[in-house]
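Encoded as structure tokens, the structure appears first; notes follow it.
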Amino acid sequence: MRLTSTADLSASPDAVYAVLVDQAFQEAKCAATSSGEYAATATPQAQGATVTTRRHLPTDTLPDAVRGLVGKELTIHETLRWGASGLDGARSAAVELRVDGVPVTMHGTVTLTPAGAGGTRHAFEGDLTAKIPFFGGKVEQSASGPIQSAIEVELDLLRERLGG
């Protein structure tokens, strides 16, 4: 299942990137989107950064048949591998998401591109896949809502940190 999100932000790509790879921001994101324990690390690299998070999410919004397969809580692992900045300040990250104990994955990209007067277009595109016989489509559909909600929470926190 294809997931997409686009948002225009009032800060430069460099400023947006600096927040997205900030340890405190990642911890705040996890606290806002997790139902229990979480962990976040932001590790600078020579030409970018790697951000990893682990969060626990409740399954109470999933259909009963799906919840029976996955249990009361899901542990989500997310990794973003940011590359170097382009000449115009644009950046992209490869996104990988996996769920413990369930064959559910997501692969995609986040891009930050200059937009408007000093602003940034934040775009996410990802493919969510649940390899569960007979229930894969239902699991993908059920998981897409919480994932889109988590993206919106992250964007709200990002706007707050950037001052608007």
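The values are calculated or read from the model by the stated rules, or taken from the named source; none is laboratory data. The structure presented is a predicted model; accordingly, all values stated were derived computationally and were not measured. All Cβ positions, glycine included, derive from the backbone under ideal geometry; neighbour counts span all protein chains shown.
Some observations on this one:
- Of all residues in region 130-147, those satisfying the criterion of being of a type outside the set (Lys, Arg) and either surrounded by 14 or more Cβ atoms within 10 Å (Cβ to Cβ) or touching a helix residue (DSSP H, G or I) at 6+ places or on another chain (Cβ under 6 Å) (or both) are Ala130, Ile132, Phe135, Gly136, Val139, Glu140, Gln141, Ser142, Ala143, Ser144, Pro146, Ile147.
- Considering residues of region 30-58 that are charged (D, E, K, R) and either exposed (fewer than 14 other Cβ atoms within 10 Å of the Cβ) or at pLDDT below 95 (or both) only, the residue farthest from Val110 (Cα to Cα): Glu37
- Per the listing Leu57, Leu9, Leu20, Leu87, the residue uniquely more than 20 Å from Leu162 (Cβ to Cβ) and touching a Leu at 6+ places or on another chain (Cβ under 8 Å) is Leu57.
Yes/no matrix, rows are residues, columns are (1) within 22 Å of Asp14 (Cβ to Cβ); (2) without any contact (Cβ under 8 Å) to a residue 60 or more places away in the chain; (3) of a type outside the set (Gly, Ala, Ser); (4) touching a Phe, Trp or Tyr at 6+ places or on another chain (Cβ under 9 Å):
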{"residue": "Gln45", "(1), (2), (3), (4)": "yes, yes, yes, yes"}
{"residue": "Val51", "(1), (2), (3), (4)": "yes, yes, yes, yes"}
{"residue": "Ala65", "(1), (2), (3), (4)": "no, no, no, yes"}
{"residue": "Glu73", "(1), (2), (3), (4)": "no, yes, yes, no"}
{"residue": "Arg91", "(1), (2), (3), (4)": "yes, no, yes, yes"}
{"residue": "Asp100", "(1), (2), (3), (4)": "no, yes, yes, no"}
{"residue": "His107", "(1), (2), (3), (4)": "no, yes, yes, no"}
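- Residue that is touching a strand residue (DSSP E or B) at 6+ places or on another chain (Cβ under 6 Å), under 17 Å from Leu155 (Cβ atoms), surrounded by 16 or more Cβ atoms within 10 Å (Cβ to Cβ) and not β-branched (Val, Ile, Thr), where the choices are Ala93, Ala15: Ala93
- Residue match in region 81-97 (condition: hydroxyl-bearing (Ser, Thr, Tyr) and closer than 28 Å to Pro133 by Cβ): no
- Qualifying residue in region 131-148 (condition: modelled with pLDDT of 90 or more, more than 18 Å from Ala15 (Cα to Cα) and within 18 Å of the chain's Cα centre (by Cα)): no
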